[in-house]
1. Could you tell me, in Å, what Rg and Dmax come out for the Cα atoms of the stretch 24-114?
2. Amide H to amide H, which residues 5 or more places from residue 124 or on other chains are under 5 Å from it, using H placed in the peptide plane?
3. Which residues' amide hydrogens lie under 5 Å from the amide hydrogen of residue 94, considering only partners 5 or more residues apart or on another chain, with H built in the peptide plane?
4. Based on the mean of other Cβ atoms within 10 Å per residue, sort peptides 31-40, 90-99 so the most packed one is first.
5. Quick one: net charge around residue 95, please, counting Lys, Arg +1 and Asp, Glu -1 for every other residue with C-beta under 14 Å from its C-beta.
6. If you plug each phi of the stretch 67-74 into the Karplus form 6.51 cos²θ - 1.76 cosθ + 1.60 with θ = phi - 60°, what whole-Hz ³J(HN,Hα) values come out, in order, with x for Gly and Pro?
7. Over the stretch 27-131, average the accessible area per residue using a 1.4 Å probe and give it in Å², no decimals.
8. Amide H neighbours of residue 114 under 5 Å, at least 5 residues apart or on other chains, H built in the peptide plane: list them.
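The values are calculated or read from the model by the stated rules, or taken from the named source; none is laboratory data. The model shown is predicted, which means the values in this text are computed figures rather than measured ones. No Cβ is skipped: glycine too gets one built from the backbone with ideal geometry, and neighbour counts run over all protein chains shown. These area figures cover heavy atoms from the full protein model, side chains too; ligands, DNA and RNA do not enter into them. Shrake-Rupley method; radii C 1.70, N 1.55, O 1.52, S 1.80 Å.
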Amino acid sequence: MTRKSHLFTHGQISMAGRTQRRNMAASGAEPQILVQYLVLRKDLSQTPFSWPAGALVAQACHAATAALHIHRDHPHTVAYLRELGRMRKVVLEAPDETTLKLLAETLQQKNIDHMLWLEQPENIATCIALRPYPKEEVNQYLKKFRLFK
């Protein structure tokens, strides 16, 4: 089964938040712990989809890579990529496509930078990846999701 994936959308960058983060960095504040969150559809591993684990991992990788690329100039992304050995990713599970798309809408409304990845040619939403964020900035939008198992 050969699958071709394409990106779908990404959140808008909050200019006010960007300015605030630059000011913190300029002030010499302690470096923040940055986390890249991914939310992957759990139902894709179950009947009727029954995608293999490798296909699901690939979806998360596509989304994560795309989010990092799109937001590569953001100070948090630059800092995250500067220390490859200290990268932190958290993979959460969404029960289905509807829940994943609702999360994408919420993130868009709250100006949280993210990427909703669509599997092509089926046009199936599979994963959301946020750009790297301090946990406290995005935790409120993700707390209802549990770790992917």
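1. Considering the stretch 24-114 through its Cα atoms, Rg and Dmax are 15.4, 53 Å.
2. Here 119 satisfy the definition.
3. 40, 41, 42
4. Numbers: 31-40: 20.0, 90-99: 16.5.
Put in order of decreasing packing, that is 31-40, 90-99.
5. Details: positive: 41, 42, 101, 144, 146, 149; negative: 43, 93, 96, 97.
So the environment of residue 95 carries a net charge of +2.
6. My calculation for the stretch 67-74 gives 5, 5, 5, 4, 9, 4, 8, 5 Hz in order.
7. Working: 5050 Å² over 105 residues.
Per-residue value: 48 Å².
8. Here the answer is 11, 131, since their amide H atoms fall under 5 Å of that of residue 114.
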